[in-house]
C-alpha cells in the first residue's frame, strides 16, 4: 500500500511542529511548509534525520506546489500571538485569505482532506460563556485584533465554500489557549507571560480586574483532538479545548503557586495584551 502523505503549512510553528511529530509517529510522510516569519527551524530540526520528513521554506500566500499524491492538508500557517499579528497585520490577513485559498485549491486538485486551524478568537469578545460552535460571536472587525479574528473568520467561510461548491472534504478546528514545549516565553499571551514573570521574580501582570476567563489545553491533548477531527466525518467547526474555564486572576495565582514564586500580582488597565 502506498504510504500516506500529509502537508502541514506553518509546520515549524509551535502547534505545527507537534503535528509533524504526530503524523510521523502515525507512519505518514510529512511535508512541512513554513516561511519562518514566526516559525522556528529549531522546532523541527530534530526531525531532519527522519527520511519521511521534508521541509520547504515557502510563503503559502504566493505559491503552493507539491508533486505526487496527498492524503491530507493541515493549514496552520498564520501568525497567532498578539505580538506577531500586531507586527505583521497584512501578512496575517493574507495568509488567512490568499494562503487558505491556495491550500484549498491544492486540496481540491489532489482530492485531499483539508483541515483548517481556526481559533476561539472567531468569537471575538464573547457575550456567551462557554461559547458553543453555534455562537456567531461579537467581533470588532476594525480593532487591532481584527486582522487575526477576521482572517480566521474569512478562512472558515472559504473552507465551507470549497466544501459546499467543490465537495472538498473539510474539517475546521477552533483552537483555544494551548500550552506546552516550544511555546515562546515572550509571545504576548497570558500563560508564557505569567510563567516568564514568575520564574524571573518579576511582578505578574494581570490586565483589568482579572475576572475574564480562559481555558487552557496541553498541546498533546489538542493534537489528539485534531487527529480525531481529521479522521471524523464532521465538516462543521469544532471547538477543541479544555471545558473547564478559570479566571485570569486564578490562573496567575496558580502559576505563582506551581513555580514557588514570590512575585506580586499587579493589576494594570486592560489593553490588547489583556486578551
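What follows is calculated from the coordinates using simple rules that are stated; it is not laboratory data. Treat the numbers as computed from the prediction; the structure is a model and nothing was measured. For neighbour counting, all protein chains shown are included, and Cβ atoms are generated from backbone atoms with ideal geometry for every residue, glycine included.
Here the contact order of region 155-275, divided by its residue count and restricted to Cα pairs under 8 Å and six or more residues apart, works out to 38 percent.
Structural descriptor for region 1-92: relative contact order 35 percent, calculated from alpha carbon pairs under 8 angstrom and at least 6 residues apart. Here 136, 227 are placed in order of increasing Cβ neighbour count within 10 Å, fewest first, which gives 136, 227. Centroid-to-centroid, using Cα positions, region 1-57 and region 208-236 are 20 Å apart. Under the criterion of Cα pairs below 8 Å and six or more residues apart, the relative contact order for the chain equals 17 percent. Measuring max minus min along each principal axis, the C-alpha atoms of the chain give extents of 58, 41, 32 Å (largest first).
When peptides 75-85, 60-70 are ranked by their average number of other Cβ atoms within 10 Å per residue, the highest-first order is 75-85, 60-70.
Taking label points 7 Å from Cα along the Cα-to-Cβ direction, residue 220 and residue 142 give a separation of 4.7 nm.
The convex hull defined by the C-alpha atoms of region 1-112 has an orientation-averaged projected area of 6.6 nm². For the chain, the longest principal axis of the alpha carbon atoms and the long axis of helix 248-259 meet at an angle near 90°. Using the average count of surrounding beta-carbon atoms within 10 Å as a protection proxy, the listed peptides 108-120, 4-16 rank, highest first, as 4-16, 108-120. Treating the angle as unsigned and between 0 and 90°, give the value, to the nearest 10°, between the Cα long axis of helix 219-230 and the longest Cα principal axis of the chain. Tilt relative to the chain: about 40 degrees. GNM remark for the chain: springs join alpha carbons under 10 Å apart, and the peak mean-square fluctuation among 146, 201, 241 falls on 201. Taking only the C-alpha atoms of region 180-244, Rg followed by Dmax gives 15.4, 48 Å.
Between 0 and 90 degrees, the angle of helix 14-25 with respect to the longest Cα principal axis of the chain falls at about 50 degrees. Between residue 48 and residue 165, the C-beta separation translates, for a Förster distance of 25 Å, into a calculated FRET efficiency of about 0.05. Rounded to the nearest 5, the antiparallel percentage of DSSP beta bridges internal to the chain is 5%. Highest-first packing order for the peptide set 178-189, 19-30 is 19-30, 178-189, based on the mean count of other beta carbon atoms within 10 Å. Helix content alone sets the calculated 222 nm mean residue ellipticity of the chain: runs of n ≥ 4 DSSP H residues at -39500 (n - 2.57) each, divided across all residues, give -10000 deg cm²/dmol.
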